[in-house]
Amino acid sequence: MDTRHPGAGGQAVGARTLVAVLGALGVAAGTPEEAREALERHRAEQRARLLPPCVVVRQGRRTALDVPADVLLRVELEGGGSWELPRGHSHWLPADLPLGRHVLTARTDGRTATAPLIVAPERLPQLPGRSWGFLAQLYSVLSDRSWGMGDLGDLAELAEWAGADLGAGFVQINPLHQALPGAPGVPTDPSPYRPSSRRFADPVHLRIEAVPEYAYLAPEQRQRADDLTRRAARLREEVLGHDGLIDRDAVWALKREALELLHEVPRGPGRQAAYEAYQRREGEWLRRHALWNALAEVHGPDWHHWPKGLRHPDGPHVEQAAKELQEAVEFHRWLAWQVDQQLAAAQRSAREAGMPVGLIHDLAVGVHPDGADAWALQDVLAGGISVGAPPDAFNAHGQDWGLPPWRPDALARAGYAPYAELLRATTRHAGALRIDHVMGLFRLWWVPAGHPPTEGAYVRYDAEAMLGVLALEAHRAGTAVIGEDLGTVEPGVREELAARGILGTSVLWFERDWHSGGGILPPDRWRAACLATLTTHDLPSTAARLSGEHVELRHRLGLLARPLGEEQEAAASELADWRAELARLGLLPAGEPLSMPVLYRFLRATPAELVGVWLPDLVGDPRPQNLPGTWDQYPNWRLPVADGSGAPVTLDRLAAVPAARLLAQLLALPAATPAPTPAPTPADPVRGPGGAPGTGRPTPTRALP
């Protein structure tokens, strides 16, 4: 644990905070005597143990183990067979151990201990080459077939169009994690970054007509399904034709009724075998997830207020409840299978369209404390703690994101299995994985319940283990990884991530030479190992940046830290700097206005391995999808893609806009500048979950040579 933090002048962490954080780690330290006893007990346990709770090593490296000299070590390999290591005064694990999750056994003086041994690759899988692609919030991308919000059928269509017609290499989407359901009178939280479960995707994303059993509905069921389709069309028209907001609960109400019909349709033997295979693969995780959903329908979505015997997955009344709710549990198991199948189909569509990467899924930083994962994993999550960010020059009050963190000690005792399983699930149907706030693999700012974010502390994780488990799971899935490393990053983190083959994230407006006056960082000094973009889901859109509308929006909502005139002057000065720099580079011809294509021309000139195009940029949508610092003042996470006038634009219309072909041609051109040695990436304001600041047809070409 760090007892000092970089914000507010590096002030020391207070005793009250330390006691609360240690308490969340199972250490009583309320008095000096308790603290002394806890420390002595810890030291005694360290001396007595034969093995650490878990050992994570890199393949190709000979690794020393801190074990007693007379210990006999044996490695039981995951794939069968074993290695026995000779006794000696020191023990070294050989460099040629195979990749995998093995078991290490130590024996001495009649004592035996075992520990998971994880052998990870040195580097993560790399991309097949440079490419560009779209960044999209799936719920916002409605087609003429959507039921009120974008779905997995729309995702497959988007990938097929972008890959086969435009030559795009990937589509990156928001987290599809299952949301915490709403309660009576309380709508579902639409944020993708505070889910009930990161392990399972939300069935609200299902394309109903794509469920195979839809073709076999009985006449009476068909009539009911047709009625639901008509109601869904009205819901879609409300969003697209009347400037309505996406209503997740209304969409789910219709889809759930349709899915209940489809669940009644008998499955053929092949389908049934596939379903049973899915259940075997998912095992206990699926059982607990389905059970939580069934219990939440009876007792409400906050498990802390359930009957006491149900508040833990191993509680005394859980098995009886599971029997009583058997039909509901089965329905939720089946829903998870349907989502898994449609996710697989979407990635298959992307690859068949020629995308070398395909779908890039997003992994949120944590989960809602009341949801399914927090219930199922409460033994490895820190109770009474929320993840956040310390105060800094951009946010004097710090941030509290409302997400319980992993307990590093409990995670190690569990052999990092919950973390590994989460990664396995999120990489299964992905060409690459984006990890939100990737710095959390090294340390997280813990804020005890009842404390303001200023009274938190950094808690360190075993970064070697966290990165090793990530490397092994990514290797097995053949998935590249992109880290969202925007914000304040401690020294050495970006370098370590790059050394392990994890790409970073670079946003044009933040890439400045902070070490030499803060001027715009030339394209030849950008790092190659990154996803380069003009914006993200919670930053101003490109259209708003160019018009200054982002300043006016924040002014209307009372979010400006300075008078309106000063903010407008600063925004105009920033654009003037960019006009001058682009002109100097020959990317902005004399007399040509600063525009979206010109800015993408700049990104194209960098050595970035991936260039991301914010999908709403194609139609000049001025609105951010999320405006940090707001709750009910702004419709966060509920806006469909719209044009410059605010009129919603369907996926079908997006595919016809000239800007799409213009960008496809622009981004397929040869690089404008050579790729030099990358420079360190500067820091910018601390970001919250999702990267939120504190408060004639061209020939498709994927490669960016």
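The values are calculated or read from the model by the stated rules, or taken from the named source; none is laboratory data. All figures in this text were calculated on a predicted structure; none of them were measured in a lab. Quick reminder, even Gly has a Cβ in these numbers, built from the backbone with ideal geometry, and neighbours come from all protein chains shown. Protein only, heavy atoms only, side chains kept; ligands, DNA and RNA dropped before computing areas. Shrake-Rupley method; radii C 1.70, N 1.55, O 1.52, S 1.80 Å.
Using equal-weight Cα scatterers in the Debye expression, the normalised intensity of segment 362-490 in log10 at q = 0.10, 0.16, 0.18 Å⁻¹ is -0.32, -0.82, -1.03.
A Förster radius of 35 Å, combined with the Cβ-Cβ distance separating Thr108 from Glu34, puts the computed FRET efficiency at roughly 0.60. On the beta carbon distance between His299 and Ala95, with R0 = 41 Å, the FRET formula returns roughly 0.20. The calculated 222 nm mean residue ellipticity attributable to helices in the chain amounts to -11000 deg cm²/dmol, summing -39500 (n - 2.57) over DSSP H runs of n ≥ 4 and dividing by all residues.
Largest first, the residues Tyr278, Tyr216 sort by 1.4 Å accessible area into Tyr216, Tyr278.
Protection proxy ranking, highest mean first, for peptides 186-195, 556-565, 239-248: 186-195, 239-248, 556-565, where packing is the per-residue count of other beta-carbon atoms within 10 Å, averaged.
For segment 516-641, what Kirkwood radius comes out of the mean inverse Cα-Cα distance, in Å? Evaluated over segment 516-641, this radius sits at 15.9 Å.
With all protein chains kept in place, the per residue accessible area of segment 503-591 amounts to 43 square angstrom at a probe of 1.4 angstrom.
The tail of the calculated P(r) for the chain, taken as Cα-Cα distances beyond 41 Å, holds 31 percent of the pairs.
What whole-number value in Å² describes the accessible area per residue of segment 54-207 for a 1.4 Å probe?
Accessible area per residue, segment 54-207: 36 Å².
For segment 416-567, a Kirkwood hydrodynamic radius built from all Cα pairs, placed in the Stokes-Einstein relation at 25 °C and 0.890 mPa s, yields a translational diffusion coefficient of 135 µm²/s. Approximating the spin labels as points 7 Å out from Cα along Cα→Cβ, the Glu260-to-Arg280 distance works out to 3.3 nm.
The label point for Ala659 and the one for Gln272, both projected 7 Å from the Cα toward the Cβ, are 5.2 nm apart. Taking every protein chain into account, the accessible area of segment 256-351 amounts to 48 square angstrom per residue (probe 1.4 Å). Backbone N atoms of segment 114-155 closer than 14 Å to the 7 Å Cα→Cβ label point of Arg222 are not found in any residue.
Restricting attention to the chain, close to 55% of DSSP beta bridges with both partner residues there are antiparallel. Apolar share of the accessible surface for the chain: 54 percent from carbon plus sulfur atoms, 1.4 Å probe. Before anything else, pin down the relative contact order of segment 467-548: Cα pairs under 8 Å, at least 6 apart, normalised by residue count, whole percent. Relative contact order, segment 467-548: 25 percent.
When peptides 356-362, 33-39, 453-459 are sorted by average Cβ neighbour count within 10 Å, with the highest value leading, the order is 356-362, 453-459, 33-39. Peptides 201-211, 602-612 ranked from most to least packed give 602-612, 201-211, packing being the mean of other C-beta atoms within 10 angstrom over each peptide's residues. Label separation (His397 vs Trp631): 1.1 nm, computed from points 7 Å beyond Cα along the C-beta direction. Extension gain for the segment Arg579 to Ala164, taken as residue separation times 0.36 nm less the Cα-Cα distance, is 146.0 nm to one decimal. On the beta carbon distance between Arg74 and Glu592, with R0 = 56 Å, the FRET formula returns roughly 0.20.
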